Amino acid sequence: MLELRVHSLVETHAVATALAMLVRAGDLIVLSGEMGAGKTAFAQGFGAALGITEPITSPTFTLVHSYDLPPGAHGAEVLHHADLYRLERTTEVADLALEELAEDDGIVLVEWGDVVDALFGDHLEVRLEVEPDDDDVAEADDVAPTGRLIEISAAGPSWAGRWSRLVEACEVFGC
């Protein structure tokens, strides 16, 4: 597992960019964390790094947004951004056919996918957690936390050959 600490939206986007530079068609990435942890912000930085210029918004109500990628974007043609927050049954997740979307020259980002990540085969999980800047700030009720802990782990073999490059690209944020 790779543990990273970021202190701003710019740094969150930098980690997302590092990951985006290593993805390829067929990759499925699960974004997990509590409400407000930065999953959609991560997706925005990820999509921008792949060359998406239109606004990337949370697909909470539509379940999946698809964005065409510019030619040469890691062999993929489409970024599919899914949000499973409103789904109640695993059969509803299966109906979305997320792994099939990845197989068809796509890259899939799944918010709230950790609740069903056992359904996914080979994938990368990016867990975002809000943390206060320091212990003194954590005790103050009126101060909003700004830091994030980002944990990245791989399930399955597809990231084995890329893992060292990901670690190297993110070492500046290492814990």
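Brief remarks follow.
- If you go through the range 24-65 and keep only what is open to solvent by 10 Å² or more (accessible area, probe 1.4 Å), closer than 12 Å to VAL110 by Cα, among the polar types (S, T, N, Q) and not in a loop (DSSP other than H, G, I, E, B), you end up with just THR40.
- Matching residues in the range 150-175 - criterion: being assigned to a helix (DSSP H, G or I) and open to solvent by 40 Å² or more (accessible area, probe 1.4 Å): TRP163, SER164, ARG165, VAL167, GLU168, ALA169, GLU171, VAL172
- Flag for ALA82 being under 20 Å from ALA14 (Cβ atoms) and modelled with pLDDT of 75 or more: no
- Some residue of the range 134-145 being modelled with pLDDT of 75 or more and open to solvent by less than 60 Å² (accessible area, probe 1.4 Å): no
- Residues (among the aliphatic types (A, V, I, L, M), part of a helix (DSSP H, G or I) and either without any contact (Cβ under 8 Å) to a residue 40 or more places away in the chain or open to solvent by 60 Å² or more (accessible area, probe 1.4 Å) (or both)) located in the range 1-19: LEU9, VAL10, ALA16
The values are calculated or read from the model by the stated rules, or taken from the named source; none is laboratory data. Here the structure is a predicted model, which means the values were calculated and not measured. Cβ atoms come from the backbone with ideal geometry, glycine included; neighbour counts cover every protein chain shown. Remember, those area values only see protein heavy atoms, side chains included, never the ligands or the DNA or RNA. Shrake-Rupley method; radii C 1.70, N 1.55, O 1.52, S 1.80 Å.
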